[in-house]
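Data block below; observations after.
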Amino acid sequence: MATKRDDYEVVGVSKSATKDEIKSAFRKLAKKYHPDISKEENAEEKFKEVQEAYSVLSDDNKRRQYDQFGHAGVGGAGAGSGFGGFNGAGFGFDASDLGDIFDDLFGGGFGFGGSSRSRGGSRARRGSDVLMKVELSFEEAIYGCEKDFDLDVVTECDNCDGKGGFGEETCSRCHGSGTITSEQRTILGSFMTKTTCPECNGKGKTYKETCSKCRGKGQVKSHKTITVNVPSGIDNGERLRVPGRGHAGENGGASGDLYLEFHIKEHKYYERDGLDIYLEVPINMAEAVLGCKKEIPTIYGNVKLTIPGGTDSGDKQRLKGKGIKDSTSRRVGDMYVIFKVVTPKKLARDQKKLFESLAKTDLDDSEIDRFTKFTKKND
């Protein structure tokens, strides 16, 4: 008599494997060696060997006995168990494991010992979500707005209330169950399989008259205009979920959701970074040297800003709380004013003389002097 292989080796797992790992390995091997689809040599024997090993390793008590005494500890479990009509008792494990595998293999709902798993089409199904890309102006995004959007969605037919017809009757083929039961015989035994009734598409009902508007589908394509409150502070690429505004569900299922993905137009002067606003403000040379007070436009109105003397291009001032308000998080950004000193391209004669006189005076040119020395050093 040939020596039986180690059960862990048969299933292809280590002795420390968890129950989920053992179950996953068993499912893969059961599919691989199933005699009805496997083309491997001795597939039936291998299939039985995998089942016997799994019947031990999936049972905590048997596994402990096997780990301690080997095959003798479980009385050669599975060797004489047979298949027992597939009610699960002959296996030592939950036969629903095989039911899942056979569903994957044959695409139907299999039952053991007279029970069955229905996969009829009558269950409620949620409608699909809709993604819509929309454009907002800079102002609409930062202040928030109420905006209308046009979209095409699948809705329940209002002519037949989503039923697909008139004069409801119980389906004569499936007798209202929505499924057709048939028997399939294999070398492993007989299986009852349930498939969706082709007459009523799983609804269990038929109609004397088909709805002319939806042609029996219970749904139609509709063009809708919806009004949405866009919160302030919405940013580029952000999405807003509008519940229940997607495609209609089936068989009484809920509608999907609408997702609005925003693209924000650029502003002519303001730049945005999250909730912060940046504004470049041009000043002339006299304002930069002497300092001044200047009206600065913010997104909340003008404010008077004191610009200190000796301001260079690129210097910036922060205006706290003058950025964007996010109505969702309640955070508020800041505004940053960046100064740009503008050098005049043309000068009147008297202006030119003033600059010539200024050039002869003893100005603080220390930074220019340091750069001049650096230039000479590298000459």
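The values are calculated or read from the model by the stated rules, or taken from the named source; none is laboratory data. Note that this is a predicted model, so its numbers are computed, not measured. Glycine also receives a Cβ, built like all others from the backbone with ideal geometry; neighbour counts cover every protein chain displayed. Ligands, DNA and RNA are excluded from the accessible area calculation, which covers all protein heavy atoms including side chains. Shrake-Rupley method; radii C 1.70, N 1.55, O 1.52, S 1.80 Å.
Scanning region 47-99 for residues that are of a type in the set (A, V, I, L, M) and modelled with pLDDT under 85 turns up 72, 74, 77, 79, 89, 95, 98.
Filter region 34-57 for residues that are touching a residue at least 60 places away in the same chain (Cβ under 8 Å) and either crowded, with 20+ Cβ neighbours inside 10 Å or within 20 Å of residue 71 (Cβ to Cβ) (or both) and give the result. If the condition is that a residue be touching a residue at least 60 places away in the same chain (Cβ under 8 Å) and either crowded, with 20+ Cβ neighbours inside 10 Å or within 20 Å of residue 71 (Cβ to Cβ) (or both), then 34 is the only one that fits. A single entry from 280, 266, 271 fulfils the requirement of being of a type in the set (D, E, K, R), assigned to a strand (DSSP E or B) and within 36 Å of the chain's Cα centre (by Cα): 271. Candidates are the residues of region 295-308 that are open to solvent by less than 50 Å² (accessible area, probe 1.4 Å) and not β-branched (Val, Ile, Thr); the one that is nearest to the chain's Cα centre (by Cα) is 301.
Checked against the criterion of being part of a strand (DSSP E or B) and polar (S, T, N, Q), the candidates 177, 212, 222 yield just one match: 222.
Let's see how each residue does on (1) closer than 30 Å to residue 300 by Cα; (2) surrounded by 18 or more Cβ atoms within 10 Å (Cβ to Cβ); (3) of a type in the set (A, V, I, L, M, F, W, C):
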| position | (1), (2), (3) |
| --- | --- |
| 202 | no, yes, no |
| 206 | no, yes, no |
| 217 | no, no, no |
| 226 | yes, no, yes |
| 239 | yes, no, no |
| 244 | no, no, no |
| 263 | yes, no, no |
| 272 | yes, yes, no |
| 276 | yes, no, no |
